Structures are given as structure tokens and as C-alpha cells.
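To keep things clear, I will list the structure first and then write my remarks on it.
The values are calculated or read from the model by the stated rules, or taken from the named source; none is laboratory data. These figures come from a predicted structure and were not determined experimentally. We place every Cβ from the backbone using ideal geometry, glycine too, and count neighbours over all the protein chains shown. Note: accessible area is taken over every heavy atom of the protein model, side chains too, but ligands, DNA and RNA are not part of it. Shrake-Rupley method; radii C 1.70, N 1.55, O 1.52, S 1.80 Å.
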Amino acid sequence: MINQNIKHFRKAKGLSQEEMAVKLNVVRQTVSKWENGLSVPDAQMLIQMAEILEVSVNQLLGIKANTPDLSREFAQLKQALEKKKQDEKLLQQANQKRGLILTLSIAAILIALVIKNETMAIIGIGACILAAAMVLYRHLDLLTRLTTDDVKIGVLRLTTIFDILIFAVVTIFALLSTLNSITFSENDEKILAMVIVFSVIFFSGIICPRLPFSKHTGLRLPWTVQDEETWNIAHRILGYIALPLALLYVACSLTIANFEAVTLAAMIAWIGIPGVVSFVFYAKKRSGK
């Protein structure tokens, strides 16, 4: 690349960035930007630089001596630089959205710890989590680098909408119960919880095999987000076990007295089975077996 060549030939000539800048009638920061690939000298500046460093323009560009079309190389360099700047801008925007989601999540935790009024706490937590989910939904293309016409973005958006609906339902019922607008018996609470858990497990079986590799939506375990093949295996297994597990969960919930233990076992199996299998695969892959 031209930036590496400029640095190489400058050092070979025994010039500092400051000395070279003086000879080219530019500031030292300009030379630094050239050498770090943050900008590219124009054609006239490149010719002056080649004369000072006593090399050919082709050597600075890193192309063969019999290549006459320098303008094409300049165009490619400019295009590469523009793409790099655009990627950096998108990364900065994505980090800002991730920071906002994290801030809203932390705010929800602080509200739960600080606010003693149950009604206000539910409203505050619900608002923060729903706002974070909406930020995720609105900026999925930015956070995942998928285009809006990609079918994969549709799957991610459907999953995010489902998550928002489930949390909204839970928040509304919790708020109404706190305000005594509706009254739940112990059995009613059990049935509502069972329906929500069943819906989440069942929906995961439908959607998970179609989820693209993403660090924002899906089974985000330390090893699944590191390797796409491991991710795909974990989500295929979720697709296989979700329906049988959901039906077994309902059957056990209706026949076993300890509802909390049944729900905990179902959640452990739901995450644990694909988690363990994918981890074993990932470990073997990393070890080269």
C-alpha cells in the first residue's frame, strides 16, 4: 500500500516526518496521515515526493514499472479510503446505539434497586427495556451490517417484535396487578407464566434455525458469538428440541405440583442442551480435532 511505501522510502532516505513535511511545504500531521492511511496525496504531491525520496512514482504506488495508468491506481486508492472512512463512521454510529441500549439497560437495573414504589418501578423498568428494544429494532441494519432488503433482517426484526410484545404483555399485567385493576389467583399466575414460557420456547423453535449470525439476537453465548458454524449448530438444535420441550413443559406444569422447579428445568434444558453441544463442537474445532 502507498502509505507503507511512503514510510519505508522516507526512512530509507533518513528523513523524519517533520523534515519531509518542510520539503513538501505541508505540516507534519499531513505526512502522518499519509503514512497511517488516513488520506492519500494527490498526483502533483506524489510526483514531488518521488523526487525528494529519489524513487519513481510507481515505486511509491507499489506497482510494476511498466504500468502506465496511474490514474486508475489513484482512483482505487481514493475509493478504498472513502470505504474505510464510511466503515469507521458506521462503526461509530453502531457503538453509539449499543451504548444507548446499554445505558437504558443499566437504568432499568438502577430503577429496580432504588425505587421502592412498586408501581413506579414497574413503569420505569418497562419504559427503559421497551425503549432499548425499540432502539435495537430501528437500528438492526446498522448493528448487524445487513441491508434492509436482506431476508435475514426480516427474521431479526420479527424476533425483536416478538420480544417487545412478550415484555410489553408482562409489564402490562404486572402493572395492572399492582394497581389492583385485575386480580390473579395463584393458579391464574401459574397459567399466565406457563403460557408465556411456552410461547417463548415454541417461537424459538420456529425462528432460531433461520436466525443469521448475529451478536444482538439469538443464543448469545461466549462461544456461539465467536464462530458462525458454532452459532448455526446451536440454533439448529434449538429448532429440533423447542416443540417437544414446550409440549413436555406444559404437560409437566399441569401434572407436577412444583411449578417453579418445572419451569426452571425447562429453561435449563432449553438453553443448556444447545449450549453444551455447541460448546463441545467449538472446543473440538479450536483444538483442531
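Structural remarks
- Any pair with Cβ under 6 angstrom, 6 or more apart, that starts in segment 259-276 at a residue that is under 19 Å from residue 196 (Cα atoms) and ends at one that is among the aromatic types (Phe, Trp, Tyr): 266/249
- Residue check for residue 33: out of contact with any Ser or Thr (no Cβ under 7 Å at 6 or more places or on another chain) and either among the charged types (D, E, K, R) or not in a helix (DSSP H, G or I) (or both): no
- Checked against the criteria, residue 101 counts as open to solvent by less than 40 Å² (accessible area, probe 1.4 Å), over 26 Å from residue 195 (Cα atoms) and of a type in the set (A, V, I, L, M).
- Any hit, segment 274-287, residues being surrounded by 13 or more Cβ atoms within 10 Å (Cβ to Cβ), more than 21 Å from residue 133 (Cβ to Cβ) and of a type in the set (Ser, Thr, Tyr): yes
- Residues of segment 1-44 that are open to solvent by 30 Å² or more (accessible area, probe 1.4 Å) and charged (D, E, K, R): 7, 11, 13, 18, 19, 23, 28, 33, 42.
- Candidate set: segment 45-56, residues that are open to solvent by 30 Å² or more (accessible area, probe 1.4 Å) and in a helix (DSSP H, G or I); chosen: the one modelled with the lowest pLDDT: 47
- Residue under evaluation residue 191, criteria (1) touching a Pro at 6+ places or on another chain (Cβ under 8 Å); (2) open to solvent by 70 Å² or more (accessible area, probe 1.4 Å), criterion not met: (1)
- For beta carbons closer than 7 Å, sequence separation of 6+ or different chains, a first residue in segment 188-211 that is farther than 14 Å from residue 238 by Cα and charged (D, E, K, R) and a second that is open to solvent by less than 60 Å² (accessible area, probe 1.4 Å) and in a helix (DSSP H, G or I), the qualifying pairs are 190/259.
- Residue list for segment 136-179, filter: part of a helix (DSSP H, G or I), open to solvent by 60 Å² or more (accessible area, probe 1.4 Å) and acidic (Asp, Glu): 163
- Residue pairs whose Cβ atoms lie under 8 Å apart, separated by 6 or more positions or on different chains, with the first residue in segment 147-161 and within 18 Å of residue 235 (Cβ to Cβ) and the second among the β-branched types (Val, Ile, Thr) and at pLDDT 85 or above, are 155/207; 158/207; 159/207.
- Conditions (1) modelled with pLDDT under 90; (2) surrounded by 13 or more Cβ atoms within 10 Å (Cβ to Cβ); number of the one not met by residue 199: (1)
- Tally of residues being crowded, with 16+ Cβ neighbours inside 10 Å, of a type in the set (S, T, N, Q) and at pLDDT 85 or above across segment 210-229: 1
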